Amino acid sequence: MKPDSITMTTLSGLCKQDVVCIFGTGDFGRSLGLRLLQAGYEVVYGSRDPKNSALLPKGAKVMTHEEAAQAARVIFVAVHREHYDFLSSLSLALEGKVLVDISNNLRRGLYPQSNAEYLSTLVPGAVVVKAFNTISAWALQSGGLDANRQVLICGNNPDAKQAVVDIAHSLGLTALDRGSLRAASELEDIPLQLFPMWRLPFRIAVGLLAVFFIYVLIQDVIYKWVMEKKDISFRIMVSLANKAFPMVALVMLALCYLPGIMAAFLQLYNGTKYRRFPDWLDRWMLCRKQLGLLALAFAFLHVLYTFAIPIRYYVYHRRVTFTSTIIKENKTYEFENIMAWRSDSYLAMGMLGFALFVLLGITSLPSVSNSLNWREFSCIQSKLGHLTLLLCTAHAFLYGWDKFLKPASYKWWMPPGYMVSLVVPCVVLVLKLFLITPCMDRTITRIRQGWERSAGMPHKEEKSSQPLIL
């Protein structure tokens, strides 16, 4: 039987009582066999040593490769590519069978062709389907409790792919068809990716942290040592870190909303939503979620460091010294109503801003965002997000208060660090205020509904590259 002759008549009979074969008794093969048994399938393992079945799931059978292949229509090849050679000797037994290749490589570009395509050349009489390589053994063992539940599938035979899709659905997994077997290389590269959407945000976070930390280091520690010969390097561990963390958090939060504003101005300038954004803006917009989560992490560090301030030796020493000085000089520390308002307002803006920041982070979780409709998600991530940015910016302004008026704050003509961190958030808030004015908001709304300045009517030939949350 030729691979192309496999039809739904041959495979549609695959139900929970059918036999499924697995070549390979490693971690993945054992986990897959256990899930198949739990789903009602009869499982047979093909092994070089059929007597060695102590580690296999209870209820599974162990046979030689040839016997196991003859007992099932669908065969999962759970072995590494380096061990594919034995399959050539099973060509007659594998004639017309569906081979599900679940293998991955150690690195990209290790072989000139994908493992699935190589397998199809070794066993030309079988139909090869690439699937289950993005599912881990742990995901199979933990079932629905694990977040990784999507099976990516590709192959040249629709009926063979449908048979694998049916198995995936029987295991409580979702399936996504990625096309022909030529897509196998792309599927095999997916497990090798290391946080692809986090690379740009992580680089931005590291760069901002380095810049702000060096900035406050020069202003506080190096300036003090050069000008007054005082060593206050002990402040590096907590004081300087607690200055740099909130600066990074505030700027990164603003960077989450800046690309949406820039995209809105581009649409206003172009007079249409059907022109693609530049690639750099597309990439920036795609990683806004990661930027926001990293910003939340720095904000959380700022909160932890702030809680540690009262128990620091340096603060304790200053408090005792100040108190003893007041007592010795018989002075009274007067209560200042303005400072009380400033302090309480500063703390209130910070607590409210952080609470909303945490809410934004929670709604970014897939389990939460999937339970929201688009209007609810947009309201939280856009309107509440800009309110969070406003509160955090106000928190920074209240921290600085009137320091910008004092010449002593400009050490070596460098403005205080908090002033530098306020530049991007202030720009974002001012531009957003401009965009929500009635005339601008009305024009943007019309453009997003399909109106074009040149034609004055909807156009549907081309689509925008990114939906906007402003």
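Any read-out appearing in this document is the output of simple, stated calculations on the displayed coordinates, not a laboratory observation. Here the structure is a predicted model, which is why all the values come from computation and not from measurement. Every residue, glycine among them, receives a Cβ derived from its backbone with ideal geometry; neighbour counts consider all protein chains shown.
With one equal scatterer per alpha carbon and no solvent term, the Debye-computed log10 I(q)/I(0) for the range 259-306 at 0.21, 0.22, 0.27 1/Å reads -0.73, -0.77, -0.94.
With the simple model of a label 7 Å out from the Cα in the direction of the Cβ, residue 206 to residue 241 spans 1.9 nm. Take the Cβ atoms of residue 82 and residue 141, set R0 to 22 Å, and the FRET efficiency comes out at 0.30. Working from label points 7 Å from Cα in the Cα-to-Cβ sense, the residue 176 to residue 434 distance is 3.8 nm. Computed over the Cα atoms of the range 178-243, the ratio of the radius of gyration to the Kirkwood radius (Rg/Rh) comes to 1.44. This ranking places 178, 442 by how few other beta-carbon atoms lie within 10 Å of each, fewest first, which gives 442, 178. Computed from phi, the 3J(HN,Hα) profile of the range 65-72 under the Karplus parametrisation 6.51, -1.76, 1.60 (θ = phi - 60°) reads 4, 5, 5, 5, 5, 6, 8, 9 Hz, with x in place of Gly and Pro.
Legend: residue pairs 411/432; 273/383; 328/403, Cα-Cα distance threshold 23 Å; pairs beyond threshold, 411/432; 328/403. In the range 3-192, the inverse of the mean reciprocal separation of distinct Cα atoms equals 16.3 Å; this is its Kirkwood hydrodynamic radius. Inter-label distance, residue 190 to residue 156: 2.2 nm, where each label sits 7 Å from its Cα along the C-beta direction.
In the chain, the calculated helix contribution to ellipticity at 222 nm averages -16000 deg cm²/dmol per residue, counting -39,500 (n - 2.57) for every DSSP H run with n ≥ 4.
Seen against the Cα atoms of the chain and their longest principal axis, helix 423-435 is set at about 80 degrees.
Compute the distance from the alpha-carbon center of the range 395-433 to that of the range 290-360, in whole Å. Spelled out, the Cα-based centre of one part sits 18 Å from the other. Within straight cross-link reach of residue 61, meaning Cα distance under 20 Å, which aspartates and glutamates are found once same-chain residues fewer than 8 apart are removed? Filter leaves 18, 27, 42, 49. Rounded to the nearest Hz, the phi-derived 3J(HN,Hα) couplings of the range 271-280 under the Karplus curve 6.51 cos²θ - 1.76 cosθ + 1.60 (θ = phi - 60°) are x, 7, 9, 9, 10, 5, 7, x, 4, 5, where x marks glycine and proline. For the chain, what proportion of DSSP beta bridges, expressed in % and rounded to the nearest 5, is antiparallel? Restricted to the chain, the bridges split so that about 10 percent are antiparallel. Rounded to the nearest angstrom and listed largest first, the equivalent-ellipsoid semi-axes of the range 196-448 from its Cα gyration tensor are 39, 20, 19. Of interest is the spacing of the C-alpha centroids, which for the range 31-46 and the range 75-96 amounts to 19 Å. If you compute mean projected area of the Cα convex hull in nm² for the structure shown, which of [x] 33.0; [y] 23.3; [z] 34.7 do you land on? The value matching this structure is [x]. Between residue 405 and residue 340, how high is the FRET efficiency from 1/(1 + (r/R0)^6) when r is the Cβ-Cβ distance and R₀ = 30 Å? Nearest 0.05. Plugging the Cβ-Cβ distance into 1/(1 + (r/R0)^6) gives 0.90.
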